[in-house]
Structure formats: C-alpha cells, structure tokens
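The values are calculated or read from the model by the stated rules, or taken from the named source; none is laboratory data. What you see is a predicted model; the values in this text were computed from it and never measured. Every residue, glycine as well, gets a Cβ built from its backbone with ideal geometry; the counts of neighbours run over all protein chains shown. The area values use the complete protein model at the heavy-atom level, side chains included, leaving out ligands, DNA and RNA. Shrake-Rupley method; radii C 1.70, N 1.55, O 1.52, S 1.80 Å.
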Amino acid sequence: MSLDSSDVEKIAHLARLAITPEQSAHHASALSNILDLVAQMDGVDTAGVQPMAHPLHMVQRLRPDQPTETDQRAHLQAGAPLTEGGLYLVPKVIE
C-alpha cells in the first residue's frame, strides 16, 4: 500500500502532530514501507503453525510459595479508626 503526502497530513492532523511538508514526504515513504511489510507478513501461510506464548522455550524459575514474614495485621491495623474482621472500614463514597 502506498501513502502519499496528503494521507500523512491527514494522519498527522488526527494525531495532532505538526509536521512540515518535507517531513510529510519522508513519513509517507516510511509508513508505506511499514504497510508493505505488514502486507507481506499477512500473505504468509500460517495454517499449520501452533501459536506460542513466548518465542523462546524457557521456563520461569519461581521461588517456593512460602510465607517469609510474620502476620502483623493486628499491629498494622491498631492505628486505623475502624476495622472489622481484618478489613479497614471506610465511609461509603459511591451510592
């Protein structure tokens, strides 16, 4: 797909970008190259390709899910004006 300077000026107007006519010609060429690449990639047959979650076959090393700190809820909620069942009570702000 080929873009011309008027297309780039419309896009720049929609994006609220100020570009000069010289920049408009340069951007038209660059955007046309990008759209050509997208069209080329769209033409590739991917029917037998299984989707991947990540391009590398790596496994994330995770630490064991064990608590590392003691329960300090009562201590941290001691300064709160209102608590109930381990939760902070706040005034209703949305009706």
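Suppose we filter L89, L62 for residues that are aliphatic (A, V, I, L, M), open to solvent by 100 Å² or more (accessible area, probe 1.4 Å) and farther than 30 Å from L3 by Cβ; which single one remains? Before the answer, list the steps.
Values: L89 fails: open to solvent by 100 Å² or more (accessible area, probe 1.4 Å).
Just a single option satisfies the conditions, and that option is L62.
How many residues are under 31 Å from the mean Cα position of the chain (by Cα) and modelled with pLDDT of 90 or more when one looks only at the range 76-95? I'd like the intermediate steps shown before the answer.
First, the residues of the range 76-95 that are under 31 Å from the mean Cα position of the chain (by Cα): 93-94.
Next cut, modelled with pLDDT of 90 or more only: 93.
Of the residues in that region, 1 qualify.
I need a count of the residues in the range 17-36 that are closer than 14 Å to S2 by Cα and open to solvent by less than 90 Å² (accessible area, probe 1.4 Å). If you could, list the steps in order and put the result at the bottom.
So the first thing to find is which residues in the range 17-36 are closer than 14 Å to S2 by Cα, and the list is 24-36.
Next cut, open to solvent by less than 90 Å² (accessible area, probe 1.4 Å) only: 24-25, 27-32, 35-36.
Number of matching residues: 10.
Considering (1) more than 15 Å from S2 (Cβ to Cβ); (2) at pLDDT 90 or above; (3) open to solvent by less than 100 Å² (accessible area, probe 1.4 Å), say which one R73 fails and leave the rest.
(3)
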